[in-house]
Structures are given as structure tokens and as C-alpha cells.
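Here, each number is a calculation from the coordinates, and none is a lab measurement. Note that the coordinates shown come from a computational prediction; the quantities given were computed from them, not determined experimentally. Glycine gets a Cβ as well: all are built from the backbone with ideal geometry, and neighbour counts include every protein chain shown.
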């Protein structure tokens, strides 16, 4: 069984879902296995978004979750019998459904390195693919850093101490908080 961490009035079984996006997104087996591990650890956090038409439940959002859950079901067959939360998206035509899918899955903004570092400061042990490239890679030295002989140091503090540490660092003129 998968721990479901969201609720909707409607539920659906994995076998009732029909993928809709085709090759819109590329996922490697590593991507799917990483998401499966995240679902095992954190639970399923988001419902599936589905367009119902002609007796078909076309999956608009949740293709990666579906793939990950199907991967987990290979080891735990009870997942195939489990009900999962679903929200239904209204669309009169396939074209409207495609537009809905694009709105749901499109990124109307970008994660920045500084924003990700600040956002994840209280959870340094958590490694999510969406932020790994920003937070957990070694920062490259810029020419300005090399000229000033600056060093970048990463520290970990317990989440309840983050505000106090940030305030302390802000009070020291030669420390820049990213």
C-alpha cells in the first residue's frame, strides 16, 4: 500500500488511467525510480488530474506518478487494488484537454539558485530532483569571487535555528547570505 497524503472526493485505480501526453515529457528510468522512492518515503502528495470523455479517463497530470506507482506495484500488488485521489478537468474537446494539460504542466516561472537555497535551508537532508541542481551542486567560482578571494561555505543547522542564524549572518558585513 502507498500512503496517500492528499484527499479528494473522487478516487480512481491505476488501471483506469490512460496516459494522454505522449512524448511531451522525457523521463528516464532513474527519474521514475527516484519518484517511486520519494513516494515510498513521503507518500503520494498530489492527486491525478483526469479528463473524462467517451468512457476514457485520460490522464492530464500525473504521468510520472503513474509510472512510479506502477513500478512500486511490481513489488507490492496491493497498489493495483488501491484507490487514489483524482480531480476531473472539464474539456469539451481534445484540443481543450491538450491546452489544459499544457497549463497544468508548464512552468510559469523558474526556480533560482538563491531562492532554492533559502527555501531548503530548513530541510538540508532532503534531496528532491527539482532542487538538487540548485542546492546540492558545488557552486562554481565566478571571476569576481576569484578576484576577491571569497569562499563559499555551506552550513547545516536545525530548522528551529535557521531564522536566528540568518539574522546573525546578516549582521556581519563581510558575510553574504545566498
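Figures for the structure shown
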read-out: Residue 126-residue 45 pseudo-label distance in nm [points 7 Å out on the Cα-to-Cβ vector]; value: 0.5
read-out: Computed lengthening from residue 159 to residue 53, 0.36 nm per intervening residue step minus Cα-Cα distance; value: 33.5 nm
read-out: Label point at residue 90 placed 7 Å out along Cα→Cβ; residues across segment 48-64 whose backbone nitrogen lies under 13 Å; value: 52
read-out: Computed FRET value (nearest 0.05) for residue 5 with residue 108, which takes r as the C-beta separation and R₀ as 41 Å; value: 0.95
read-out: Inter-label distance, nm, simple model (7 Å from Cα along the C-beta direction), residue 13/residue 76; value: 1.8
read-out: FRET efficiency, residue 83 to residue 119 (Cβ-Cβ, R0 35 Å, nearest 0.05); value: 0.60
read-out: Length released on extending from residue 37 to residue 171, taking residue separation times 0.36 nm less the Cα-Cα span; value: 44.2 nm
read-out: Per-peptide average of other Cβ atoms within 10 Å, ordering 73-82, 23-32, 43-52, 115-124 highest first; value: 43-52, 115-124, 73-82, 23-32
